[in-house]
Amino acid sequence: MYSNLSLGALGLTADFPTALELAAKHGFGGLDPDVGYLRSLGGTTEVQRVAAEVADRGLRWGMAGLPVNFTATAEEFSTQLAALPDHIELLVAAGVRSVGTWIRPMDEDLPYRRNWLRHAGRLALVAEILAGAGLRLGLEYIGPKTFWSTERFPFIHSLAEARELIAETGADNIGLILDTYHWYTAGESVADLRSLSVSDIVAVDINDAPADRERDSQQDLDRRLPGTTGVIDLQGFMSVLRDLDYDGPVKVEPFMKSLAERPIDDVLSEVSGQLDRAID
């Protein structure tokens, strides 16, 4: 596995050339692609040049976002699906191998089974398009009870449910985005992770939780840097990834507004060190 820089996940902003410089400077193993920047380059040749520059810096790509909303109206979903091939073309030209999104864990109108059928059908359609380009899709379940309980019908918010949904699609290019925060808030254990194979995992996010809240009171957008409070069993989580020989990206996603108030070099030096300690 390798440490991955995702400025957006840290609440930081910079243009892609600056992000590339920062990733190399602070010893990250990879960085997320910026599709908007790639599109601005105007053609495949320039996209491939940027990809070569990333590789020359000793960096790998992380995961790109999936520009499809699985809870959109039928008309909106159809429009997003039609636009997906152009998005994929950029990613393929750059050598990006995976895209990811999250599963909204509740719905105000659709009961669980109807929401399940909607997601399974739409996921299968998207997975088929991605498979034609050799791309994998990572799905992230969302664990905090304070989030999934806010609308009338709770939906998928656990590892077991996410795996069942993926199996329902019949697609072999869909896997999981594992996040320590959602693993913890879903009440899951190392034993749950040990039921996975390495092919089940597309990407990994790590973080910690505030120590002054019980598990069911944790807020999705208020986390901590990994290993700083000890609420989440990061060591146990990472030990499973090592045992599986997971070789994908690992990024930090703390949702801490205070990080943007600090010098960016200081933040990235700290985050890079935390990732290195977690991965080693």
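Of a type outside the set (Lys, Arg) and touching an Asp or Glu at 6+ places or on another chain (Cβ under 7 Å): which single residue out of 214, 253 fits that description?
Numbers: 214 fails: touching an Asp or Glu at 6+ places or on another chain (Cβ under 7 Å).
One residue alone meets the criteria, 253.
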* To do: Pairs only if they're at least six apart or on different chains, beta carbon under 7 angstrom, first in the stretch 151-180 and in contact (Cβ under 8 Å) with a residue 40 or more places away in the chain, second part of a loop (DSSP other than H, G, I, E, B) and of a type in the set (Ser, Thr, Tyr); list them, first residue then second.
  => 156/141; 157/141; 162/141
* Has the stretch 244-261 got at least one residue that is surrounded by 13 or more Cβ atoms within 10 Å (Cβ to Cβ), over 18 Å from the mean Cα position of the chain (by Cα) and without any contact (Cβ under 8 Å) to a residue 40 or more places away in the chain? -> no
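Determine if the stretch 43-54 includes at least one residue that is in a loop (DSSP other than H, G, I, E, B), in contact with a helix residue (DSSP H, G or I) (Cβ under 8 Å, 6 or more places away or on another chain) and either at pLDDT 95 or above or among the aromatic types (Phe, Trp, Tyr) (or both). Show your work before the answer.
So in the stretch 43-54, the residues in a loop (DSSP other than H, G, I, E, B) come out as 43.
So of that shortlist, the ones also in contact with a helix residue (DSSP H, G or I) (Cβ under 8 Å, 6 or more places away or on another chain) come out as none.
Looking for residues that are in a loop (DSSP other than H, G, I, E, B), in contact with a helix residue (DSSP H, G or I) (Cβ under 8 Å, 6 or more places away or on another chain) and either at pLDDT 95 or above or among the aromatic types (Phe, Trp, Tyr) (or both), one finds none in the stretch 43-54, hence no.
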* Please indicate, with yes or no, whether at least one residue in the stretch 138-161 is among the charged types (D, E, K, R), in a helix (DSSP H, G or I) and out of contact with any helix residue (DSSP H, G or I) (no Cβ under 7 Å at 6 or more places or on another chain). => yes
* To do: Show the residue pairs that are 6+ apart or on different chains and have beta-carbon atoms under 9 Å apart, the first residue being within the stretch 183-203 and touching a residue at least 60 places away in the same chain (Cβ under 8 Å) and outside any helix (DSSP H, G or I), the second being crowded, with 21+ Cβ neighbours inside 10 Å and polar (S, T, N, Q).
  => 202/98; 203/4; 203/98
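Identify, from the list 205, 280, the residue that is modelled with pLDDT under 95 and either more than 26 Å from residue 149 (Cα to Cα) or among the acidic types (Asp, Glu) (or both). Steps first, answer last, please.
Numbers: 205 fails: modelled with pLDDT under 95.
Exactly one of 205, 280 is modelled with pLDDT under 95 and either more than 26 Å from residue 149 (Cα to Cα) or among the acidic types (Asp, Glu) (or both), namely 280.
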* To do: Please tell me if residue 222 is part of a loop (DSSP other than H, G, I, E, B) and not small (Gly, Ala, Ser).
  => yes
* Asked: Within the group 275, 259, which residue is at pLDDT 95 or above, within 22 Å of residue 59 (Cα to Cα) and either in a helix (DSSP H, G or I) or of a type outside the set (Asp, Glu) (or both)?
  -> 275
* Residue tally, condition over 21 Å from the mean Cα position of the chain (by Cα) and not basic (Lys, Arg), over the stretch 94-115 -> 7
* Structure fact -> residue 164 meets each of (1) assigned to a helix (DSSP H, G or I); (2) crowded, with 18+ Cβ neighbours inside 10 Å with one exception, condition (2)
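The values are calculated or read from the model by the stated rules, or taken from the named source; none is laboratory data. For clarity, every value in this text was computed on a predicted model and none was experimentally measured. All Cβ positions, even for glycine, are placed from backbone atoms using ideal geometry, and neighbour counts span all protein chains on display.
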